[in-house]
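Chemist: Sharing a structure, written as structure tokens. Questions coming.
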């Protein structure tokens, strides 16, 4: 990591750090004689011994040594944000390269950080990881790591990632596996680029690295490539159309079950939900997915999990809270058929009046159909169009619901790893920086996030009934599940 030491921004009163004379503004340089790289490295070093020796630097440049008897626990300091590492690849389908102009700066940052991979399931191509960093992963037991493989054939991988030095991904994977680090892998599949024999080789190579015990490839997901309308001066990449998606599902769904059987019943080969939504097909049943919902953050099983929650909720007494409610549910085109079916079942069961509208994505292009990439202006347009179609009445619905996944106050799951000088945004901000309170004021009706399930949505609607949302900010009454989550490895 490029930074030298980590700055202390707060010291807990009465803590070991305060007793040792550590003050806010000090920079923690070394622990046990080793340079402190970042917050994660600090946690590893501070817990290694019962007694800890620290070297710190004051704001005036002077240094001092502190010794604490911490018993392998923390010492009561808050550390400054770490800078994120950036990607050195030039992937032909990189979503950042397909971003329209005018969005916040952080959306144009290509993160490639093993810390985010370990802590939050971000996928890394390992392009920024040299042997020293691979050794760090092994030493600090940063397992499992999530790796974007895309192709194991060196020539094909160079063609995909655009970096001639990063074709041999198996060498880096074997380095980690040999150090007993577990790895979740993924391949973003583009027709004619890394499908066919290239995909089969990738599958075979990674399956050969699955084993019992530590140091195993735990899973391999395949995700259809995502292309926006903003690909000027970028390489030609074929999109996954419905016919290709249907063929892929027909070919690989039986293989998912075959690999699961060979893996003691646990699914190993994982198909992202978008294969089914693009094909216009029903997602498989619960047994098709990992018991732990492995790679859920990569879009594997999100639809099925929602259906499972919905089925149980509609049968519960709490579902009656929807009775009589006139609610407009906005979502992306890919999820709209599923949501529409669930809304119809709920309406029949309790007498509610939920309607689903698929919002077109004008910001990224209509080929982008996931809810998490809808911007505030896209949702505003969809709501206005629905109101106009219903006669233009101000009270045409009791409430409007937006996808929680579209609220992206931050573009990753943590603000600890960010850009220097990042702007702090109001909670409940869309990708285009329109806020949920602004959208609600424009529409003139309560506007709430969906939450991850119907139970969350009902809680939000009832909170709005009580006026909890009048102040503007998302209060403690709102479920944060689904907010600020990455929408697949190649999306912001």
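Chemist: Only one of (1) under 30 Å from residue 291 (Cα atoms); (2) in a helix (DSSP H, G or I) fails for residue 333. Which number is that?
Modeler: Of (1) under 30 Å from residue 291 (Cα atoms); (2) in a helix (DSSP H, G or I), only one is false for residue 333: (2).
Chemist: So if I check each of 389, 359, 394, which one is farther than 21 Å from residue 429 by Cβ and free of Cβ contacts under 8 Å to residues at least 40 places away in the same chain?
Modeler: 389
Chemist: Another question, then. Restricting attention to segment 103-126, does a residue exist that is free of Cβ contacts under 8 Å to residues at least 24 places away in the same chain and out of contact with any helix residue (DSSP H, G or I) (no Cβ under 8 Å at 6 or more places or on another chain)?
Modeler: Within segment 103-126 (the criterion being free of Cβ contacts under 8 Å to residues at least 24 places away in the same chain and out of contact with any helix residue (DSSP H, G or I) (no Cβ under 8 Å at 6 or more places or on another chain)), the answer is no, since none of the residues qualifies.
Chemist: Criterion first (assigned to a loop (DSSP other than H, G, I, E, B), closer than 24 Å to residue 119 by Cβ and modelled with pLDDT under 95) does residue 14 satisfy it?
Modeler: So residue 14 does not fit the description; no.
Chemist: How many residues does segment 103-133 contain that are surrounded by 22 or more Cβ atoms within 10 Å (Cβ to Cβ) and more than 26 Å from residue 299 (Cα to Cα)?
Modeler: Here the count works out to 0.
Chemist: May I ask you to verify whether residue 279 is surrounded by fewer than 20 Cβ atoms within 10 Å (Cβ to Cβ) and in the same structural domain as residue 121 (by TED's automatic domain parsing)?
Modeler: Here the answer is no, as residue 279 does not meet what is asked.
Chemist: Say whether the condition of being outside any strand (DSSP E or B), more than 17 Å from the chain's Cα centre (by Cα) and farther than 24 Å from residue 156 by Cβ is met by at least one residue in segment 108-121.
Modeler: no
Chemist: Can you pull out every residue in segment 341-362 that is within 30 Å of residue 100 (Cβ to Cβ) and either touching a helix residue (DSSP H, G or I) at 6+ places or on another chain (Cβ under 6 Å) or assigned by TED's automatic domain parsing to the domain that holds residue 101 (or both)?
Modeler: If the condition is that a residue be within 30 Å of residue 100 (Cβ to Cβ) and either touching a helix residue (DSSP H, G or I) at 6+ places or on another chain (Cβ under 6 Å) or assigned by TED's automatic domain parsing to the domain that holds residue 101 (or both), then 356, 357, 358, 359, 361, 362 are the ones that fit.
Chemist: Please verify whether residue 68 is assigned to a strand (DSSP E or B), touching a helix residue (DSSP H, G or I) at 6+ places or on another chain (Cβ under 6 Å), surrounded by 14 or more Cβ atoms within 10 Å (Cβ to Cβ) and on the phi < 0 side of the Ramachandran plot, treating the condition exactly as stated.
Modeler: The answer is yes for residue 68.
Chemist: Name the one entry in 294, 243 that is within 26 Å of residue 369 (Cα to Cα) and assigned to a helix (DSSP H, G or I).
Modeler: Only one candidate passes the filter, namely 243.
Chemist: What residue, among those in segment 85-102 that are surrounded by fewer than 20 Cβ atoms within 10 Å (Cβ to Cβ) and under 17 Å from the mean Cα position of the chain (by Cα), is farthest from residue 365 (Cα to Cα)?
Modeler: Checking each candidate, the answer is 86.
Chemist: Test of understanding: among 28, 40, which residue is touching a helix residue (DSSP H, G or I) at 6+ places or on another chain (Cβ under 9 Å), outside the structural domain of residue 138 (by TED's automatic domain parsing), in contact (Cβ under 8 Å) with a residue 24 or more places away in the chain and assigned to a strand (DSSP E or B)?
Modeler: Residue meeting the stated conditions: 28.
The values are calculated or read from the model by the stated rules, or taken from the named source; none is laboratory data. Since we're looking at a predicted model, the values are computed, not measured. Because the Cβ atoms are built from the backbone with ideal geometry, glycine has one as well, and the counts that use them run over all protein chains shown.
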